[in-house]
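Below you'll find the structure, written out as structure tokens, and then a few comments.
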Amino acid sequence: MFHALHALTATRAPDELFDTLIRAVMENSEASTAFLLLAEGGTLEIIAQGKVKNQRVNVRTNRQGTSFSELPESIVANVQRERVQVVLADAAEVSPFSNDPYLMKQHVRSVACLPMIGRGDFLGLVYLENDLQPGVFTQERVTLLNLLVAQAAISLENTRYCERLTKENERMNAVHGELVFQRNLLRTLAETFPHRIYAKDTETRFIFGNMAVAQGMGVSSPDDLLGKTDFGFYPEACAARYHREERAIMQSGQPLMHREEEVNYLLTNDVAWMLTTKVPLRDDDGKVVGIVGVNYDITERKRTEMELVSRNAQLLELNAKLSRAQAQLVQSEKLASIGQLAAGVAHEINNPVGFIFSNFTTLDGYLENLLTMLTAYEEAEHFIESQAMKDRLRALGETVDLPFLKEDIPVLMTETKDGIARVRKIVQALTEFSRVGGNVEWRFANLHQGIDATLNIINSEIKYKADVIKEYGQIPEIECLPSEINQVIMNLLVNAAHSIGEDRGKITIRTSVMRETVSIEISDNGCGIEKESLSRIFDPFYTTKPVGKGTGLGLSLSYGIVQKHRGTLEVESEVKQGTTFRLTLPVKQGRLQTGIADA
Ligand SMILES: Nc1ncnc2c1ncn2[C@@H]1O[C@H](COP(=O)(O)OP(=O)(O)OP(=O)(O)O)[C@@H](O)[C@H]1O
Ligand SMILES: [Mg+2]
């Protein structure tokens, strides 16, 4: 008996256990047949069967060849349902199971059917019978048998538990293997990936990072980042911004895609351009548990890009300079040739005008003398005695209308004198304006003379449109290229005249000196300049005038000339009120040694 108990405890393999159990119960009970049935998924299955043959117990643990027709089904069903044993001392006698077909047919005598209960669960049952003797299963034996069955139940449960554990273990091993693989994959990916990858928890603390991110942030290993936030690695305000932004990503579930920004790394003192992407990190249930970030270092690209932009700007600038220079060249060539022509013509006219003027003055004197003489002759008329002579003189006087002549001659002389004086003035102005050969030379020049000469030349543009008011201050001569400065003044004056509409306007020219600089202000009360145009008026070819009327080069050329003189050209304007251009020029350029004289 103890041997049997021990055997039941020791066995591990299920089939061995069933074999041992059948043998144990048969050897300890005089049963001629025994069955072990186990509940599997609610139904009972025959697991092992033992029979005594030639006084030996034969056990079959495979289920082949056994069927419920070899068992009293009603007893088996009862034990399964009630979970209590059924023992019949003599099945031939009347009992609740007398009608069982098997019992009636097989003439079985002693029957014992014992439930196998393990930790409260019904595991199965052991059925025993003796077909020859009644009363084989005494109470004492049944107790013993129950003990064996209970021990078998424990062993069975242990075996099953072990099986389950083994399976679970195998599963865990497989899971572990998969996890190790995944982890290695992740690590390899992260380390091979040349960009910075990291993950953070809901408190924005690092929970993962690759070597690239560690090195970039100035620590020797990704482990040094774990559990830390961005504070200490980036400037305070920047770290706070990252924290806010990552919290927002976690709350909204909306990723941050491809943001370009310049980043300052405190530990390495590096400044780099980063392309940043941050996406929410989710668990199996889709709940956001952190963020994953990827940073691409785009410093090199950015540098190239910025270089390109600045190169482009330089090119544009160069291009603008080139077209300005070209336009200036064209314009100054044009002006130079006009100047040459004008100077030539002026020179040619100058001589005749000179002697016309001087002759005219003489002529004026002669005429005056003649008129005096005429008056004397008129007075002498009364003393002429010849009536015929008197009549002739009167008739002649009436024919030529002497009183009118006496009245008109001085008027004509004055007008003509004025005309000649004006011609002289214009010729002088032309010479002054265009000084052949002098227009490329720096010299000290009187600006007032230049302004007056210019006014004379463009008189026709102005005189019908505006009154010119001169408010000249006491200014010194300045070192300049006079003909170029005259061009600037001319352009400003013509623009001013053009700005004046139907009504007669006013152009004021004001000059003043301030320390080492001289200012010329040209104000008009014309149409003014729109705000949007103000920034463009100095651009070459910018004009609001109709095609053919303006080239849009005037101000841009003027600006170039003023720059060459290291001066400034500023503008103030109010629409419908008027415009003031202020030209400021240094008195000295430092090109000439002497020559400063007061105006
Ligand atoms: N005094 C002003 N009042 C109003 N607008 C002005 C004045 N001066 C310049 N502008 C504006 O600036 C533009 C550019 O002037 P700019 O002298 O460069 O060219 P333009 O006079 O149009 O042509 P160009 O001088 O070649 O004949 C003018 O078309 C005009 O719109
Ligand atoms: Mg102009």
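The values are calculated or read from the model by the stated rules, or taken from the named source; none is laboratory data. Because the structure is a prediction, the values reported are computed rather than measured. When we count neighbours, we look across all protein chains shown, and the Cβ atoms used for this are built from the backbone with ideal geometry, even at glycine. In case anyone asks, the SASA skips ligands and DNA or RNA and just uses the protein heavy atoms, side chains included. Shrake-Rupley method; radii C 1.70, N 1.55, O 1.52, S 1.80 Å.
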Taking the range 1-22, which residues are open to solvent by 40 Å² or more (accessible area, probe 1.4 Å) and farther than 11 Å from THR61 by Cβ? MET1, PHE2, HIS3, HIS6, THR9, ALA10, ARG12
Among residues of the range 514-527, those that are aliphatic (A, V, I, L, M) and either within 16 Å of ligand 2 (Cβ to nearest atom) or within 21 Å of ARG504 (Cβ to Cβ) (or both), counted: 1
With respect to GLU530, determine if the residue is open to solvent by 50 Å² or more (accessible area, probe 1.4 Å), more than 14 Å from ligand 2 (Cβ to nearest atom) and in the same structural domain as LEU447 (by TED's automatic domain parsing). yes
Which members of the range 278-303 meet the condition of being assigned to a strand (DSSP E or B) and open to solvent by less than 20 Å² (accessible area, probe 1.4 Å)? LYS278, GLY290, ILE291, GLY293, ASN295
So the check is Cβ under 8 Å with 6+ separation or different chains; which pairs have a first residue in the range 155-175 that's touching a residue at least 40 places away in the same chain (Cβ under 8 Å) and a second one that's in a helix (DSSP H, G or I) and open to solvent by 60 Å² or more (accessible area, probe 1.4 Å)? SER155/THR9
What is the one condition in (1) under 20 Å from SER155 (Cβ atoms); (2) modelled with pLDDT of 85 or more; (3) of a type in the set (Lys, Arg) that ARG12 does not satisfy? (2)
Which ones in the range 121-140 are over 13 Å from GLN85 (Cα atoms) and in a helix (DSSP H, G or I)? GLU140
Does GLY505 meet the test of being over 47 Å from the mean Cα position of the chain (by Cα) and within 14 Å of ligand 1 (Cβ to nearest atom)? yes
Scan the range 34-93 residue by residue and report those that are outside any loop (DSSP other than H, G, I, E, B), acidic (Asp, Glu) and touching a Lys or Arg at 6+ places or on another chain (Cβ under 8 Å). GLU45
Residues of the range 126-158 being open to solvent by less than 10 Å² (accessible area, probe 1.4 Å), touching a Ser or Thr at 6+ places or on another chain (Cβ under 9 Å) and farther than 25 Å from ALA89 by Cβ, which ones? SER155
Being open to solvent by less than 50 Å² (accessible area, probe 1.4 Å) and over 16 Å from MET26 (Cβ atoms) narrows it down to one of VAL79, VAL108, VAL84, VAL57, so name that one. VAL79
Scan of the range 178-194 for residues that are assigned to a helix (DSSP H, G or I) and not polar (S, T, N, Q), ordered by number: GLU178, LEU179, VAL180, PHE181, ARG183, LEU185, LEU186, ARG187, LEU189, ALA190, GLU191
Filter result for ARG324 (in a helix (DSSP H, G or I), touching a residue at least 60 places away in the same chain (Cβ under 8 Å) and not assigned by TED's automatic domain parsing to the domain that holds ALA248): yes
Would you tally the residues in the range 569-583 being closer than 16 Å to LEU557 by Cα and more than 16 Å from ligand 2 (Cβ to nearest atom)? 2
State yes or no: is GLN80 out of contact with any strand residue (DSSP E or B) (no Cβ under 7 Å at 6 or more places or on another chain) and of a type in the set (S, T, N, Q)? no
Could you go through the range 561-583 and let me know if any residue there is surrounded by fewer than 16 Cβ atoms within 10 Å (Cβ to Cβ) and hydroxyl-bearing (Ser, Thr, Tyr). yes
Single unsatisfied condition, HIS258 versus (1) on the phi > 0 side of the Ramachandran plot; (2) part of a loop (DSSP other than H, G, I, E, B): (2)
Might you let me know whether the range 420-431 holds any residue that is within 30 Å of SER483 (Cβ to Cβ), open to solvent by less than 60 Å² (accessible area, probe 1.4 Å) and free of Cβ contacts under 8 Å to residues at least 40 places away in the same chain? yes
Among VAL213, VAL175, which is the only one that is open to solvent by less than 90 Å² (accessible area, probe 1.4 Å), assigned to a helix (DSSP H, G or I) and out of contact with any strand residue (DSSP E or B) (no Cβ under 9 Å at 6 or more places or on another chain)? VAL175
Only one of GLY552, GLY578 that is at pLDDT 95 or above and on the phi > 0 side of the Ramachandran plot: GLY578
Specify the residue that is nearest to MET490 (Cα to Cα); the eligible residues are those in the range 512-527 that are more than 16 Å from ligand 1 (Cβ to nearest atom) and open to solvent by 60 Å² or more (accessible area, probe 1.4 Å). VAL513
Kindly list the number of the only condition in (1) buried (at least 17 other Cβ atoms within 10 Å of the Cβ); (2) within 16 Å of ligand 2 (Cβ to nearest atom) that fails for PHE541. (1)
